[in-house]
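Novice: Sharing a structure with you now.
The values are calculated or read from the model by the stated rules, or taken from the named source; none is laboratory data. Note that the coordinates shown come from a computational prediction; the quantities given were computed from them, not determined experimentally. FYI the Cβ positions are ideal-geometry reconstructions off the backbone, even for glycines, and counts take in every protein chain you see.
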Amino acid sequence: MRYSRFAVTTILLVISSIAAKAQTPAAAQKYFQQGVKNFADGNLGVAFENYSRAIEISSRLDSRKSSSSDLWKANSLTSSSDAERVTVIDPFTAVAYTNRGLVRHQQHDIDGAIADYNAAIRISPGLAEAYLGRGVAYRVKEDREKAMADFDRALAINGRLMEAYVDRAELWLDKGNLDASLSDLNKALKLSPRLPESHYLLGHVRLAKKDYDGAIASFDLAIQLKPEMASAYYGRGTVRMTMSRFDPAISDFDHALELNRQLPNAYMNRGLALLMKHEDARAQKDFDACLALNPALKAEMEKRIELAKELRGTKP
């Protein structure tokens, strides 16, 4: 079992990558650049305001659809209904919507993010990054079919969009289509050989294929490239548990939980490894911690505890 999905989210487009036309107001570009900087600094609220201003300045609203006199305030164009009133004079606006969608995603406003990506796509139907961002948002909402369609569309527009290959690979993995997942990961790795998330997912594909040594090698590389990646330690620990290498598995789960205490499955798997070593008291603490984070795992945990006790009873 994978700890949880990650998403290689949409690219934060920067001003140098945009073919801004001559009519793009300098003020719009200035706010856009500020948005990029504030997003990078973690100032999401300010970045949201920056992109909103960039959207306002680089577009106009159809007055026939609104009689409001305050649409040009700093917080205008924040809803999907506002976006429908935009009469675009510059495709730059679509890029600003795409970046603001990413901000909203990071703020956990998934519906708002989708609304921004929809606006970007309405303005510029060929903007691959907007499809990518919307696909990631749909994936978070567990709408896998819409997510797959968006990743397909993004790659049809831009076959070198590495992030879309990685995200689609995980959808294929969820569906149990290991060969399709492996194919997308190979394409992603050809474009960017050192992306840790690609190696992390490759580890899970190899685990599912029962290529345990290959899976460990993939998780090793993910950890080497991104030592703070808790999920990679969790993945490697899961492989080692499958191989009955309980001490190294426990060590990996320890590392994962040092990096991120909010991993219920890591507590459960460490507890199961401890149970196999007859360390029942320590195991129970981990089981309690797991359920405190995610009570919905109780039924699955009880089945796995029962199986672990049966297995350890056959060992000397």
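Novice: Looking at segment 254-262, can you tell me whether even one residue there is small (Gly, Ala, Ser), out of contact with any Cys (no Cβ under 9 Å at 6 or more places or on another chain), in a helix (DSSP H, G or I) and surrounded by fewer than 11 Cβ atoms within 10 Å (Cβ to Cβ)?
Specialist: Scanning segment 254-262 turns up no residue that is small (Gly, Ala, Ser), out of contact with any Cys (no Cβ under 9 Å at 6 or more places or on another chain), in a helix (DSSP H, G or I) and surrounded by fewer than 11 Cβ atoms within 10 Å (Cβ to Cβ).
Novice: Something else about it: Could you pull out every one of the helices (runs of 4 or more DSSP H) wholly within segment 139-226 that has 2 or more residues that are among the aromatic types (Phe, Trp, Tyr)?
Specialist: So the answer is 162-175, 212-225.
Novice: Please go through segment 43-67 and pick out each residue that is modelled with pLDDT under 95 and surrounded by fewer than 18 Cβ atoms within 10 Å (Cβ to Cβ).
Specialist: Scanning segment 43-67 gives ARG60, ASP62, SER63, ARG64, LYS65, SER66, SER67.
Results for (1) under 20 Å from ARG53 (Cβ atoms); (2) buried (at least 22 other Cβ atoms within 10 Å of the Cβ); (3) of a type in the set (Val, Ile, Thr); (4) not assigned by TED's automatic domain parsing to the domain that holds GLN29, shown as yes or no for each residue.
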| position | (1), (2), (3), (4) |
| --- | --- |
| ALA96 | yes, yes, no, no |
| ASN99 | yes, yes, no, no |
| GLN107 | yes, no, no, no |
| GLY112 | yes, no, no, no |
| ALA120 | yes, yes, no, no |
| PRO125 | no, no, no, no |
| GLU129 | no, yes, no, no |
| ARG134 | no, yes, no, no |
| ALA137 | no, yes, no, no |
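Novice: Just to check your reading of the model, which residue among MET276, MET268 is of a type in the set (A, V, I, L, M), touching a Leu at 6+ places or on another chain (Cβ under 9 Å) and crowded, with 20+ Cβ neighbours inside 10 Å?
Specialist: Sole residue among the options that is of a type in the set (A, V, I, L, M), touching a Leu at 6+ places or on another chain (Cβ under 9 Å) and crowded, with 20+ Cβ neighbours inside 10 Å: MET268.
Novice: Next question, about the same structure. Do we find that LEU307 is among the aliphatic types (A, V, I, L, M), over 25 Å from LYS226 (Cβ atoms), in a helix (DSSP H, G or I) and within 26 Å of the chain's Cα centre (by Cα) in this structure?
Specialist: It is false that LEU307 is among the aliphatic types (A, V, I, L, M), over 25 Å from LYS226 (Cβ atoms), in a helix (DSSP H, G or I) and within 26 Å of the chain's Cα centre (by Cα).
Novice: What about ARG245, is it crowded, with 17+ Cβ neighbours inside 10 Å and farther than 22 Å from MET162 by Cα?
Specialist: yes
Novice: Continuing with this model, one more query. Residue under question is SER192, and the condition is that it be surrounded by fewer than 21 Cβ atoms within 10 Å (Cβ to Cβ) and assigned by TED's automatic domain parsing to the domain that holds ARG312; does it hold?
Specialist: No, not satisfied.
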